[in-house]
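Chemist: Here it is: the structure, laid out below.
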Amino acid sequence: MTGKLYIGNLPSSATETELQTKFGRFGRVLSAAIETDAATGRSKRSAFIEMETGAEAQAAINQLNMTQYDDVVISVYRVRLKQSA
């Protein structure tokens with residue numbers, strides 16, 4: 001089972017390569033995608049990271065949530081899938 005994470009309050013200078021490196025310390029990163037505004041192409045200052053296992057995702061949350069990234073403090077949460085009714 002993979003672990004999908006949401007990262008909020010990223011610095012606008014963050015890159016997907018940097019995120020892969022930062023999160024790769026905790027396991028295999030399957031994907032890293034910074035959200036961008038469709039109209040301007042600018043970063044929305046958030047991203048999604050997919051880790052190979054849930055345990056790796058949890059390790060990343062434990063170590064990176066509410067930590068400094070450049071000049072801001074980031075938040076890292078597990079993405080919760082919506083349950084169908």
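Chemist: Residue by residue, what Karplus-based ³J(HN,Hα) values in Hz, rounded to whole numbers, does the range 10-19 have, using 6.51, -1.76 and 1.60 with θ = phi - 60° and x for Gly and Pro?
Modeler: Result, ordered by residue: 5, x, 5, 7, 4, 10, 5, 5, 4, 5 Hz.
Chemist: If you don't mind, another one. For V29, V79, V72, what ranking results if the residue with the fewest other Cβ atoms within 10 Å of its Cβ goes first? Could you put the intermediate results ahead of the total?
Modeler: Working: V29 21, V79 12, V72 15.
Listed from fewest to most nearby Cβ atoms, that is V79, V72, V29.
Chemist: Near E56, within a Cβ-to-Cβ distance under 12 Å, what is the net charge of the other residues, with Lys and Arg +1 and Asp and Glu -1?
Modeler: Working: positive: K4, R25, R28, R78; negative: E50, E52.
Local charge sum for E56: +2.
Chemist: Return the long-range amide H neighbours of R45 (sequence gap of 5 or more, or a different chain), with a cut-off of under 5 Å between placed amide H atoms.
Modeler: none
Chemist: Length gain on complete extension for the stretch A55 to V72, per 0.36 nm per residue less the alpha carbon to alpha carbon distance? Each step should come with its number before you reach the end.
Modeler: Working: separation 17, 0.36 × 17 = 6.12 nm, distance 2.59 nm.
Gain on stretching A55 to V72: 3.5 nm.
Chemist: So, one more: Which residue fluctuates most in the GNM of the chain (Cα springs below 10 Å): S31, S13, S46?
Modeler: S13
Chemist: Still on this structure: Tell me the net charge near D37. Cut-off is 14 Å between Cβ atoms, D37 excluded, with +1 for each Lys or Arg and -1 for each Asp or Glu.
Modeler: On the way: positive: R42, K44, R45; negative: E35.
Once positives and negatives cancel, what remains is +2.
Chemist: Quick check on the chain: what are the equivalent-ellipsoid semi-axes from the Cα gyration tensor, as sqrt(5λ), descending, whole Å?
Modeler: For the chain, the ellipsoid semi-axes come out as 20, 16, 12 Å.
Where a number appears in this text, it was derived from the coordinates with a stated rule and is not lab data. This structure is a prediction, so every number in the text was calculated from the model and none was measured. Note that we place each Cβ from the backbone using ideal geometry, even for glycine, and neighbour counts take in every protein chain shown.
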